[in-house]
1. Can you give the FRET efficiency to the nearest 0.05 for A129 and R320, using r as the Cβ-Cβ distance and R₀ = 22 Å?
2. List the Cys residues of the chain that have no partner Cys with a C-beta closer than 4.7 Å.
3. As an exercise, find the ratio Rg/Rh for region 82-209 from alpha-carbon atoms, using the Kirkwood inverse-distance average for Rh.
4. Hey, what number do you get for the chain at 222 nm if only DSSP H runs of n ≥ 4 count, each worth -39500 (n - 2.57), divided across all residues, to the nearest 500?
5. Testing the spin-label approximation: label points 7 Å from Cα along Cα→Cβ at E65 and A301. State their distance in nm.
6. If the cut-off is a Cα-Cα distance under 20 Å, which aspartates and glutamates reach K345, setting aside same-chain residues fewer than 8 apart in sequence?
7. Counting other C-beta atoms within 10 Å, and keeping those with at most 12, which DSSP coil GluC sites (Glu not before Pro) do you find in region 119-228?
8. State, to one decimal in nm, how far the label point of V179 lies from the label point of H311, with both points 7 Å from Cα in the Cβ direction.
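Where a number appears in this text, it was derived from the coordinates with a stated rule and is not lab data. All of these numbers come straight from a predicted model, not from anything done at the bench. Cβ coordinates were reconstructed from backbone atoms using ideal geometry, including for glycine residues, and neighbour counts include every protein chain displayed.
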Amino acid sequence: MIRSLSSSGATLAISWTAGGQSDFPAIWLRDNCRCAECRHPGNGQRLYEITDLPADIAIAGAVLEDGRVRITWSPGGHVSHFAAAWLADHDLAPAARRARKRHITHWTKSIDGAMPVGDWRQILADPRAELTFLDAYHAHGFGLIRNSPTAPGTVLEIGNRLGFVRVTNYGALFDVRSVANPTNLAYTPIGLGVHSDNPYRDPTPGIQLLHCLESTAPGGDTLLVDGFHAAEILRREDGGAFDLLTRIPVNFRFQSADADLMARQTLISVDEDGEIVGVHFNNRSLDWLDAPAEIVGSWFAAYRKLAEILHRPEGELIFRLEPGDCVVMQNDRALHGRTAFDPTKGSRHLQGAYVDKDGLESRARVLRRQLGEKREVAA
Ligand SMILES: [Fe+2]
Ligand SMILES: [Zn+2]
C-alpha cells in the first residue's frame, strides 16, 4: 500500500502503490498517536493536553516497518506507529477529504416514484433494513416509514428507536389537527407553505417526525422541498444573493402565554468548503432583520429570490400520509408544508416530535459496526 516515504521534519510524505502522494504534518501525526501513553487503551480518549506536546515537535526519523510507519519524535524521543490503512483513511488531500463527506442526493418532484421508504416492522426486526432506511434518509434528508401502529404516542416510539426525542415547550409530542383558538397556524385547516420548524429555537430541532393517525379529510397532502437543492439553484442563479443569505442572520421568534423563544440565524449555512449544510426558512416566525440599513434591501431581494425558488412546482414533492405512515425530515433540509384540508368532511390527525440529528447518525454508525461494515472514517 505504501510504496515509499520521506520526511522533512515538519511533514511526512507518503507515496502510495496505487499512485499519488499524501503529506501529513508533524503536529497532526503526533496528536494522532494511539499508543497507550497517549490514549486510554480502554476508551481511546486522549490522556494529555495539547500544551503537553512540544510546540517545536518534529519528525526525527520515519521508517516503514511491517507495513506500518514508525516515527520517532524530537524533542523527547516519543515513538508512534501508524498503520498504512489508517493513514489512507485519514488522508488530508482535497479529493480524499471530499470522498469522506456524506454523499447526498438532491431531489425534486421527480423522486415521486422512488422515495426513500422503510417498513416499520422490518426496521424493528432487521438491522440491515434499519441501516438501509437510515442511509437513504441521510442521503435525501427525509424518509417515509410505513406500517407503523396507529396508536397515539407511536411517534415517540419511532423517535426513541432511531434517536432521542427532544422535549420542548410543546411537550415530547405535539398533536397536529384543527382546533379552536389555535396557538399556531399548524393547528388550523389552512394550507402551509414549505418551511423548517422552530428556527426560533437554539439549537433548532434537527429532525422532525410526523406520524399519521387519521387522514379522511379531503386535502391535507404533505409537501416536501429539498432546501439544499433550492439553495444550490440560488447560488447558480444569483451568487450575490446566496452569499448574503449565508452571512447575514435574521431573527426568528415565537411567543405564546408561556414561551418567548428567539434565535438568530442565517437562512443558508455552508461548511468550510462552501457546501450547503443547512437551510432555515419559516415565513410565519421570521421576525425582523437586525442588520446594517444599507444591506437590508439586498437581503430582502435575496430572501424573496430563495422563496421564489422554493415555490417552484418542479421542486415540490406532494404525497399523502396514510394512517401508520411517519415521515422523518431533516429539519434544516427537507422543508415541509401541506395543502389545505376540510375538517368538516373528515378528520386529519398527525402527531409530531423532534429528534436530534446526532442520534440518527450514531444509530447508523452503531448498526454499521454491528453488521461488520467498514466504520465511517469521519466518525
Ligand atoms: Fe411544520
Ligand atoms: Zn504516543
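1. Values: r = 24 Å, r/R0 = 1.08.
Efficiency computed from Cβ-Cβ geometry: 0.40.
2. Lacking a cysteine Cβ partner under 4.7 Å: C35, C212, C326.
3. 1.05
4. On the way: 10 runs with 100 residues, N = 379.
About -7500 deg cm²/dmol.
5. 6.4
6. D175, E214, D221, E322
7. Numbers: sites: E130, E157, E214; in loops: none.
For GluC sites (Glu not before Pro) across region 119-228 that sit outside H, G, I, E and B with at most 12 neighbouring Cβ atoms in 10 Å, the list is empty.
8. It works out to 3.0 nm between the two label points.
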